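Engineer: Structure in structure tokens, see below.
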Amino acid sequence: MSRSAVRSPAQDPVGALHHALHMRLASGQRFAALLGRGDPDAGTSLTALVAHDGDVTALSATLPAGVTHYPALTPQLPAAFWYERAIHDLVGLLPDGHPRLDPLVLPHRDDASRLLPHPGAPGQPDRIEPYERALSVHLHGTGVFTIPHGPVRSGVFESVEYLVETPGEDIPHLRIRPHAKHRGVQKRFEGMTVDDGVLLAERVEGIASVAHALAFAHAVETLAVARVPVAAAMIRVLHAELERIANHLDVLGKLTDAAGLAVATARFGLHKEHTLRLVGALSGSRFGRGVVVPGGVTALPRLPADEVTAELDRLQHAINGDVRALLDTSSFLDRVRTAGPLDPELARTHGALGPIGRGSGCTDDCRASRPYDGYQQLAPPPVAVRSAGDAQARMQVRIDEIEAAFYLTRQAIGRLPDCDTDQLSVVAQPGAGQAVGWAEAPQGEVLYLLDVDDAARISYCAPRSASFHNLMLFPSIFVGDILTDFPFNEASFGLSIAGVVM
Amino acid sequence: MPWVLRGLRNGVVTTGYPRRSDPYAEAFPASVRPLVVGSANGVPVDDTLCPTGAIHNRAGALQLDAGQCILCGRCVRERPDLFGWVSGSQTARLHRQALVVPQLPETDEAVELVRRQLAARVRRMFRRSVHIRHVDAGSDGSEEWEALALLNPVYDVHRLGIFFTASPRHADVLLITGVGSHGMAEPLRRTVEATPRPLVVIAAGTDAVSGGLVAPSYAVAEGIGELVDVDVWVPGSPPSPFSLLHALLLAVGRIPPEGR
Ligand code: SF4
């Protein structure tokens, strides 16, 4: 056993956390996040989230005031690589022994003049500008060039900078600089009521509004010991699955666009438009915003069940035809087959999420392993998994998930007439404390670590998107020429930068 | 079936807008407004009702700033006597103040003035094709989806001679999404500098207009108006494709004055 096992947690809190984590991971549980809070001058804490069947456990280490360093977890736990960089950026703790502490979400000076957000510490800093010079010192290599120039992209994309580094004779390496669109969302949650908080959660990663609202609401409902009415649970599933269909269609459209299949891109774009219109017809928002509130949902779908079902049938029929055609297009399949391989062993040890993980043999899907809302009552189809790990496998998972989503939406809408629809929400007044909420977004598991104070105000809120956890793996899937593979690989990851740097 | 034939199956899905009105655009609940002009029935409106402070109760007169509204619907749910949804996607305006409803009388004149100034600037753009450069200045990601939708067969903006361009040097219009993060201030400034004149700037979405629910925050401006001169303001969280299209047409002077 490691020495940390015999030292008391008070003497070596991070050692104890590391030990506890190690024991859990050795028994097959999954490392899901490492989050920091506080101000080193006043005391900080680190919280690791560990996912397993039925629950997500939070393990914490408290560092007393004045402690500015701690032994890095990344050397033994490579999946913590980006988490420790983000903690350094936001909290200001220095992980000793971290292999490469580049800025990730907020480049800053490491001296006394620095101003940091300190999530979870009282107060709101006025204005913090990224300190760009902190970036350049970390670049090495003989030739560095960008794709194609960042952070403003060519085309309609979220802002992010990709750098290709060619250190000496080595294979070029891709680096990701997402910090430009950091919005300080985590700090913005603090002081809000949970009713306002859920609206902000919808805007953390806007293409997965429903999933973020659900994960947030679940944390609140745990603190409030509230059970949402069955009708609300069904409406939540309906919207979560329509969101999944829209996102997966978006990926299919971008993959076919990367392959130059203009007609296919137009067709998937059309289906996506129809999906967003259906969501809009149901809720008034094309992104299902304003539906989920802590304790339930705000309203019944604005369309009668038979109209919804008829539209679902039409949509699914149209999508299926084009999916079949796509799977018959050998020039396209040649491009996605073996493209952007994610090694299943890396996927497993990293805990890759969503269709990216499931395309590389990871079976976790919290709709099945930690079911919530209507997924508890409905019989969800088996989790879609592929093992090849390439862009085709990820695409296949998404295609299977579209099919399953249609099944689930029909089930959910079909149950509504039998539900008591007079009450669509219960009072969810959270007691003081901490809780973890989760939901399966189209991109994969979303987690919220939420603290609420005595006055029912948010005192700390750390969203963890699948986009953040998965983007770390992105550089590892480049095996050939980076520039040629880039559009395919980016499309097949299907992530959102807003959810990465928030 | 080869893709060429599948393409034909689209049939006529493309909207006739702006030549003809579009039922979806007309019916879409794209804004919220006070139902009563003047006093709020004598009942005070709670300050915490609106999460972004879009509702103002000035001297007993209710006003709603669509530029701050994230369309959460809470005011309509809790005070259906005072607020209601409004259908119609023509939500873009040429003046920040014109997003406040009911409008102040002096706003009309101000709007007319900027409309004439803009029309003089973009006269060259009336007939030829228009190139748009998109810049994400700290969006939540949904605005990009709605902007991309303009290329799908339903909106198909190419039919109107509107194209997205990869380079600022070929752009006539900058479509800017997002709240204006500090990290994007400099890249945005460089893009504006690299764009030839005349240039029209669109603030796309409530976040870009006012900061929405994301501001105030240490990491962002309260909308991109703090960073660049904005010509067209289009609220929405996010703005729907029809609202974005309305903003684009307004930007290049293709909407007749009465549609402003
Ligand atoms: S819809 Fe929401 S954001 Fe808009 S004015 Fe009403 S309460 Fe405020």
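Engineer: Given R₀ = 45 Å, what would the calculated FRET efficiency be for A:Gln434 paired with A:Arg324, taking r from the Cβ atoms and rounding to 0.05?
Structural biologist: 0.40
Engineer: Which net charge results for the neighbourhood of A:Ala428, defined as the other residues with beta-carbon distances under 14 angstrom from its beta-carbon, given Lys and Arg at +1 and Asp and Glu at -1? It would help to have the intermediate numbers written out before the result.
Structural biologist: Working: positive: A:Arg227, A:Arg236; negative: A:Asp195, A:Asp196, A:Glu221, A:Asp373.
Charge balance near A:Ala428 sits at -2.
Engineer: Within segment A:67-124, which trypsin sites (Lys or Arg not before Pro) sit in a loop by DSSP and count at most 12 neighbouring Cβ atoms inside 10 Å?
Structural biologist: Answer by residue number: A:Arg100, A:Arg109, A:Arg114.
Engineer: Based on the Cβ-Cβ distance of B:Ala59 and B:Asp81, what FRET efficiency does E = 1/(1 + (r/R0)^6) give at R0 = 22 Å, to the nearest 0.05?
Structural biologist: With R0 = 22 Å, the Cβ-Cβ based efficiency is 0.65.
Engineer: Which shape class, rounded, prolate or oblate, goes with segment A:3-115 when its Cα gyration tensor gives a ≥ b ≥ c as root eigenvalues, a/c under 1.5 marks rounded, and past that a/b bigger than b/c marks prolate?
Structural biologist: On the way: a/c = 1.91, a/b = 1.46, b/c = 1.30.
Prolate shape, in that a/c is at least 1.5 and a/b is the bigger ratio.
Engineer: Size of the dipole of segment A:166-234 about the Cα centre, Lys and Arg at +1 and Asp and Glu at -1 on the beta carbon, nothing else charged, in debye to 20?
Structural biologist: 180
Engineer: I would also like to ask the following. Report the extension gain between A:Asp418 and A:Thr484 in nm, rounded to one decimal, defined as 0.36 nm multiplied by the number of residues separating them, less their alpha carbon distance.
Structural biologist: In short, 18.4 nm is gained.
Engineer: Sequence-distant or interchain residues sharing an amide H contact under 5 Å with B:Ile162, placed H: which?
Structural biologist: The list, which skips near neighbours in sequence, is B:Val130.
Engineer: Taking other Cβ within 10 Å of each residue's Cβ, how do A:Val385, A:Val436, A:Val204, B:Val4 sort, fewest first?
Structural biologist: B:Val4, A:Val385, A:Val436, A:Val204
Engineer: Let me confirm one metric for peptide A:283-290, namely the mean number of other chain beta-carbon atoms within 10 Å of its residues' beta-carbons. Mind showing how you got there, number by number?
Structural biologist: On the way: counts 2, 7, 9, 9, 7, 0, 7, 8.
Per residue, the average neighbour count from other chains is 6.
Engineer: Something else now. Excluding residues fewer than 8 places away in the same chain, name every one of the lysines whose C-alpha is closer than 25 Å to that of A:Lys254.
Structural biologist: Qualifying lysines at Cα under 25 Å: A:Lys181, A:Lys272.
Engineer: Let me ask another. Among the chymotrypsin sites (Phe, Trp or Tyr not before Pro) in segment B:51-140, which ones are in a DSSP loop with at most 12 other Cβ atoms within 10 Å of the Cβ? Mind listing them? Don't skip to the end; give the middle numbers.
Structural biologist: On the way: sites: B:Phe83, B:Trp85, B:Phe126; in loops: B:Phe126.
Hits after loop and neighbour filter: B:Phe126.
Engineer: Residue by residue through segment A:318-330, what is 3J(HN,Hα) from phi via Karplus (6.51 cos²θ - 1.76 cosθ + 1.60, θ = phi - 60°)? Round to whole Hz and write x for glycine and proline.
Structural biologist: For segment A:318-330, the Karplus curve yields 5, 5, 4, x, 6, 5, 4, 4, 5, 6, 9, 8, 5 Hz.
Engineer: How big is D for segment B:142-260, in µm² s⁻¹ as a whole number, if Stokes-Einstein is applied with the Kirkwood radius of its Cα pairs at 37 °C and 0.692 mPa s?
Structural biologist: The estimated diffusion coefficient comes to 225 µm²/s.
Engineer: Separate question: Tell me the net charge near B:Ser167. Cut-off is 13 Å between Cβ atoms, B:Ser167 excluded, with +1 for each Lys or Arg and -1 for each Asp or Glu.
Structural biologist: Net local charge, B:Ser167 excluded: +3.
Engineer: For segment B:165-175, just list the computed ³J(HN,Hα) in residue order, Karplus coefficients 6.51, -1.76 and 1.60, θ = phi - 60°, integers in Hz, with x standing in for Gly and Pro.
Structural biologist: 10, 7, 10, x, 5, 9, 8, 9, 10, 9, 9
Engineer: I would also like to ask the following. At q = 0.22 Å⁻¹, what log₁₀ I(q)/I(0) does a Debye calculation on the Cα points of segment A:250-314 give, no solvent, two decimals?
Structural biologist: -0.89
Engineer: Be a star and scan segment B:201-243 for residues whose amide nitrogen sits under 14 Å from the point 7 Å along the Cα-to-Cβ vector of A:Asp126.
Structural biologist: Inside the label zone: B:217-219.
Engineer: Counting helices only, and only those DSSP H runs with n ≥ 4, report the 222 nm mean residue ellipticity of chain A as the sum of -39,500 (n - 2.57) divided by its residues, in deg cm²/dmol to the nearest 500.
Structural biologist: That comes out to -12500 deg cm²/dmol.
Engineer: Let me ask something else about it. Can you tell which of B:Thr91, B:Ile162, B:Leu175 lies farthest toward the positive end of the dipole of segment B:61-213, using +1 and -1 charges on the Cβ of basic and acidic side chains (Lys, Arg; Asp, Glu)?
Structural biologist: Most positive-ward Cα: B:Ile162.
Engineer: With N set to the number of residues, divide the alpha-carbon radius of gyration of chain B by 2.2 N^0.38 Å and report two decimals.
Structural biologist: Compactness ratio reported: 1.03.
Engineer: I would also like to ask the following. On average over all directions, what projected area in square nanometres does segment B:32-86 have, based on the convex hull of its Cα atoms?
Structural biologist: Convex hull of Cα atoms, orientation-averaged projection: 3.3 nm².
Engineer: Ranking A:His248, B:His134 by Cβ neighbours within 10 Å, fewest first, what do you get?
Structural biologist: The most exposed by this proxy come first: A:His248, B:His134.
Engineer: Two decimals, Cα atoms only, Kirkwood Rh: what is Rg/Rh over chain A?
Structural biologist: Checking Rg against Rh, the ratio lands at 0.96.
Engineer: Apply the Karplus curve 6.51 cos²θ - 1.76 cosθ + 1.60, θ = phi - 60°, to the phi angles in segment A:416-425 and return the couplings in whole Hz, x for Gly and Pro.
Structural biologist: Listing the rounded values in order: 4, x, 7, 8, 6, 9, 5, 10, 10, 8 Hz.
Engineer: What percent do you get for the relative contact order of chain B when only Cα pairs under 8 Å and 6+ apart count?
Structural biologist: 22
Engineer: Return the FRET efficiency for the residue pair B:Leu113, A:Asp334: r is the Cβ-Cβ distance, R0 is 60 Å, and the value is rounded to the nearest 0.05. Let's see the in-between values first.
Structural biologist: Details: r = 59 Å, r/R0 = 0.98.
For B:Leu113 and A:Asp334, the calculated efficiency is 0.55.
Engineer: Per-residue ellipticity at 222 nm for chain B, helices alone: DSSP H runs ≥ 4 residues times -39500 (n - 2.57), over residue total, nearest 500 deg cm²/dmol?
Structural biologist: Working: 8 runs with 70 residues, N = 260.
That comes out to -7500 deg cm²/dmol.
Laboratory data are not the source of any read-out in this text; all were calculated from the coordinates shown. In this text the structure is predicted, and so the values were computed from the model without any measurement. Counting neighbours? That spans all protein chains shown, and the Cβs are built from the backbone with ideal geometry, glycine included.
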